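Here is the structure we will look at, set down as structure tokens.
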């Protein structure tokens, strides 16, 4: 496990550190984990020599399953919690797969530009406030290679009354401010503002605690220069995307 400095702030996977030992059991029992993460791996279309980052990897389940499916890909997992990373490393060793686990923050990724072909992320963005969501999305774009892809599984707008009731408990645990963007379906807007193309919601899954949505976003083959990027951000900030106007 590699450490890259101490985090300025960190929200544990189940909000409280003392709940971490129960994380795998809770996620498996309440989020249809096997089906959702398998679908996320399927849609990522990882190639034989791809470099893949599991962002906010937690106990490493997604990274390990991806490596098992794609043994010739290079897998890294990053998280801000050293104790959960130790669990991830033990899991990988127990299952006989090679994954490099790193310590760091999503808002300041410890990787060079254009390091990865794929970034996968499961049940993380709803932990962040809007400002940190924006910083994270920009960092993901930076570390993806041109044509690289981001694949996210996270809470979306509840699909019905039961999903809304279930999601209420998630919001109580993880914070109403942080989860508001998910409840309002703003993650696609977030990714577009950051500069991603081809943003799409590909699948939804109803669970005990709400509706999980699988998203895809593509880093453009050609990077925008700074004036173009600022023009695009300004257009989104002014609501042009919501009004259906052309975006530069």
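What Kirkwood Rh does region 45-155 have if only Cα atoms enter the pairwise 1/r average? Answer in Å.
On the way: mean 1/r = 0.0724 Å⁻¹.
Computed over Cα pairs of region 45-155, the Kirkwood hydrodynamic radius comes out at 13.8 Å.
Projected label points at residue 165 and residue 90, each 7 Å from Cα along the beta carbon direction, are separated by 3.7 nanometres. Remark: spin-label model distance residue 173-residue 26 equals 0.4 nm, labels positioned 7 Å along the Cα→Cβ axis.
Please arrange 118, 138, 94, 35 by how many other C-beta atoms lie within 10 Å of their C-beta, fewest to most.
Working: 118 24, 138 16, 94 9, 35 13.
Placing the least packed residue first, the sequence is 94, 35, 138, 118.
Taking only the Cα atoms of region 116-222, the radius of gyration and Dmax are 13.6, 43 Å.
FYI, it's all coordinate maths here, none of it is from the lab. Computed from a predicted model, the values in this text were never measured in an experiment. Cβ sites come from the backbone with ideal geometry, for glycine too, and all protein chains shown count toward neighbours.
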